[in-house]
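> One structure, pasted below without further comment.
None of the figures in this text is laboratory data; all of them are computed from the coordinates on show. In this text the structure is predicted, and so the values were computed from the model without any measurement. A quick note on method: Cβ atoms are made from the backbone with ideal geometry, for glycine too, and the neighbour counts reach across all protein chains shown.
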Amino acid sequence: MIKPNVLRSVAGIALLSLSGLALAHNPMCQCEEVDAENIRCTGGFSDGSGAAGVTLDVIGYDESILVPGKLADDSTLTFKKPEGEFYVLFDAGPGHIVEIDHTEIETP
């Protein structure tokens, strides 16, 4: 038979380990065409915080960086739409990366 104080200790440890998940914030990035020539991407985190200064690069399928960038104070970056196939890489550090393929960019 498990003693009640042991059971409470195990339950407490389990709750503490889950509390870190509640504090986690996931990266979010959305890109949309502003017009036929320009794309605007907005980055942030699931906890509502912005992502000013976070790296957002536009990369060709050959892995060349077509547009190097960082998000502005309003957590956005607007750039001229490259010709050909590309993807957007929002990189806020290990475990906080979002890739958006050009085929997934919203059009008006």
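> For the charge dipole of the range 55-97, defined by +1 on Lys and Arg C-beta atoms and -1 on Asp and Glu C-beta atoms about the Cα centroid, which residue among G95, F79, Y61 has the Cα displaced farthest towards the positive pole?
F79
> To the nearest 20 debye, what is the magnitude of the charge dipole of the range 22-101 about its Cα centre, counting +1 on the Cβ of each Lys and Arg and -1 on the Cβ of each Asp and Glu?
Its charge dipole is roughly 260 debye.
> From the phi angles alone, apply the Karplus equation (6.51, -1.76, 1.60; θ = phi - 60°) to the range 92-108 and give each ³J(HN,Hα) in whole Hz, x where the residue is Gly or Pro.
9, x, x, x, 10, 10, 10, 10, 10, 6, 4, 6, 9, 6, 5, 10, x
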